[in-house]
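Accompanying notes for the structure given below.
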Amino acid sequence: MGVPTQTVWGPPPSTVLEAETDPAKKARRARRLALILPREHGAWGLLLVPMITGAGVAFRASVHVAPFLLLLTTALALFSLRTPVESLLGTSAMRAQSSEEYRTVKSFVMGLGAIAAVALGALLWAGRNAGLWPLGAAVLAAFAGQALLKKLGRRARMLSEVVGTIGLTASAPAAYYVITGKFNAIAWMLWLANILFAGDQIHYVQLRLHTATAEGFRAKLTRGWDFAAGQAVMTAVLTIACMTGLLPKFASLAFAPLLFRGWFYFIQKPSPLRVRRIGWGELAHAVTFCVLFIATISLQRPVQ
């Protein structure tokens, strides 16, 4: 009689080993992504919404698509470079530590740098789009100011975000300029409108985070008086811009949902704070703003 064999139930040893190491692999992958991908998801909207509004208005007067695509590529590449560069320099919470992480991050930086250099070189080749030079200097100054304000700590956090917004929303006049070849009143109007919109969004999100436990109109207004003041200032600026002709009169309609959302918060019933829901809500407002702003500008302002 032969020796009886024992039946072993369950996965083979290799499968068990893979199952044991799978969480570690996922953790390493998540860390690599955190080292190279921007973590400020809202900043994508602050960059792309102005660029879309600028392009939407500009395409009414011109159909130069190639310069816009080069600008879009350059902006996305440069924006994506920020996180991996900070990981290499050790200026952010996530820092490259192992030699493998350094190689991954360096490869990413070199690839994005090459893409940005080629796209920007083609955009500025032979002296074309020279107006981007002073605009780029203004953007660099805004980001430098934001970096200095961040060093002041939490008390300057809101101001630093607003200053950074000035740099990101410059994508609106930049898109308009490379498509039309003009840096005129419309370009300045696009920049101003997007600064107002983005600034209100940033302030609203901070309001919701800091007044999550407040109940009732008086409590909310006490904690959020600065946001209410900001809404009032924005309304005044929009009114003056429309009265002076910088903005077409009906262009202010693009801001109506944003203003209503801000004022309504003070009187709405208390509800649990859901950060993800707030994010999706602000995305919806951004899409609405783009559509309404482009539509009202295109319907009212003559081609210049």
request  = Could you list all residues from the range 187-245 that are small (Gly, Ala, Ser) and out of contact with any Gly (no Cβ under 9 Å at 6 or more places or on another chain)?
outcome  = 193, 212, 216, 219, 224, 229, 232, 236, 241, 245
inquiry  = Contact list please: Cβ distance under 9 Å, first residue in the range 63-83 and in contact (Cβ under 8 Å) with a residue 40 or more places away in the chain and more than 14 Å from residue 180 (Cα to Cα), second residue among the aromatic types (Phe, Trp, Tyr) and surrounded by 18 or more Cβ atoms within 10 Å (Cβ to Cβ), pairs at least six apart or on different chains.
reply    = 80/108
key: Filter result for residue 229 (of a type in the set (A, V, I, L, M, F, W, C) and within 16 Å of residue 200 (Cα to Cα))   = yes
task = Answer yes if at least one residue in the range 117-131 is exposed (fewer than 15 other Cβ atoms within 10 Å of the Cβ), basic (Lys, Arg) and part of a helix (DSSP H, G or I), and no otherwise.
result = no
ask   = Could you say whether any residue in the range 218-230 is of a type in the set (S, T, N, Q), under 24 Å from residue 50 (Cα atoms) and in a helix (DSSP H, G or I)?
value = no
request  = Pick out the one residue from 239, 235, 296 that is part of a helix (DSSP H, G or I) and either under 25 Å from residue 62 (Cα atoms) or in contact with a Phe, Trp or Tyr (Cβ under 6 Å, 6 or more places away or on another chain) (or both).
outcome  = 296
Any pair with Cβ under 7 angstrom, 6 or more apart, that starts in the range 231-245 at a residue that is within 15 Å of residue 261 (Cβ to Cβ) and β-branched (Val, Ile, Thr) and ends at one that is part of a helix (DSSP H, G or I) and at pLDDT 90 or above = 235/259
query = Assuming residue 272 fulfils every condition listed in (1) exposed (fewer than 14 other Cβ atoms within 10 Å of the Cβ); (2) closer than 24 Å to residue 187 by Cβ apart from one, which condition is it?
reply = (2)
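Please tell me if residue 211 is surrounded by 12 or more Cβ atoms within 10 Å (Cβ to Cβ) and within 29 Å of residue 183 (Cβ to Cβ).
The answer is no for residue 211.
The values are calculated or read from the model by the stated rules, or taken from the named source; none is laboratory data. Keep in mind the model is a prediction, meaning the values are calculated, not measured. In this analysis, Cβ positions are derived from the backbone assuming ideal geometry, glycine residues included, and neighbour counts consider all displayed protein chains.
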